[in-house]
Each structure stands twice: as structure tokens, then as C-alpha cells.
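To keep things clear, I will list the structure first and then write my remarks on it.
The values are calculated or read from the model by the stated rules, or taken from the named source; none is laboratory data. Only a predicted model underlies this, so the values are computations on that prediction, with no experimental measurement involved. With ideal geometry, Cβ positions are generated from the backbone for all residues, glycine too; neighbour counts draw on all protein chains shown.
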Amino acid sequence: MIEVVYTIDKFRGDCPLDAWASTVAAHVVFNHIRRRTTERRIFEGVRLEDDDAPASRQSLARDTAARSTLRRVFTHLDAIEETKAWTYVLHDVCGYDLREVAQITESTVAAAQSRLVRGRRELHERMAGDPELAPMLASTAAGKNGREGLT
């Protein structure tokens, strides 16, 4: 209902109000499911490559490398301004849209957009200078057309 109230000004009247409200509700649910899937994938274990094998069959070395990579990314996130880092994590990692990020961080959408662009650029610059993360960043930039990798 909250999302319907926030977006009622976008209702054009092309369909019945209840159909439009159902569509808005479906988008909220899908975004939530996508967010939870992303959060689980990031915080329960990072995979360095796509692998069809169950997580229980991953080697100890692979898990250790993934944790090391995650720690290095967190170190770089900690080094940038807190508002930029949180905006980046909320948008690019958790999947919140800019309006939601603005509400969470109690800022305007324009400020959230600016923080996201600057935070993303700064994080990518830091990661490009990291010998362990630079190859991963380069490979994800190459795979961006396939909607893969870091954003």
C-alpha cells in the first residue's frame, strides 16, 4: 500500500486502478525477492566463478579465496566516505532503487544519485589499484554486456 500511495501520481488511468495496484504490488514483491537472493549470495558465500556444483562441494581453498576477496572489497568500501559506501551497497549490492536509497539515507534522489556515481567510481578506482581485485574488476567490466559482474 505504501508503494501505491507513493506512486499514485504515475497512474495514467489506462487500466483499472485495482489492476495497476496489483502490478505495483507484484513489482514490490519481485524486488524484495531479488534483493534477498542477492543478499544471501553475497553474505552466505561469494563464488568467484559460476559453478553448478552444490556449495557443500566447494573446496576449502575456494572458500578461503572468496572470503579474502570479500574482505578486500570491504576494506576498500571502508576507505571511502560512509554515505557513498552505504549508497553503493544499498543500490548495487542490495538492489534498492534510488528513491528507496534516498529514503533510507534521508537524502534527496539527486543526492543519492550523486553519491552512487561518485562512490562507485571511487570504489572501482581503489579496486583497480588492488593487485588481487584488478583482474576481477577487468573481467566483470568485459562481461557487463551480459549483465554480469560488479556494477
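Each residue in region 107-121 was checked for being in a helix (DSSP H, G or I), more than 16 Å from the chain's Cα centre (by Cα) and surrounded by 16 or more Cβ atoms within 10 Å (Cβ to Cβ), and 1 of them qualify. Pairing residues of region 1-25 that are free of Cβ contacts under 8 Å to residues at least 60 places away in the same chain with residues that are of a type in the set (Asp, Glu) and surrounded by 10 or more Cβ atoms within 10 Å (Cβ to Cβ), at Cβ distances under 8 Å and at least 6 apart in sequence or on separate chains, gives VAL24/GLU3; ALA25/GLU3. Checked against (1) at pLDDT below 90; (2) farther than 28 Å from ALA134 by Cβ, THR108 meets all criteria but (1). Looking only at residues in region 54-67 that are surrounded by fewer than 12 Cβ atoms within 10 Å (Cβ to Cβ) and either outside any helix (DSSP H, G or I) or assigned by TED's automatic domain parsing to the domain that holds ALA111 (or both), the one that is modelled with the lowest pLDDT is PRO54.
Only one of the listed residues (LEU77, LEU90) is surrounded by 12 or more Cβ atoms within 10 Å (Cβ to Cβ), under 23 Å from SER139 (Cβ atoms) and either in the same structural domain as GLU122 (by TED's automatic domain parsing) or modelled with pLDDT of 80 or more (or both). That residue is LEU77.
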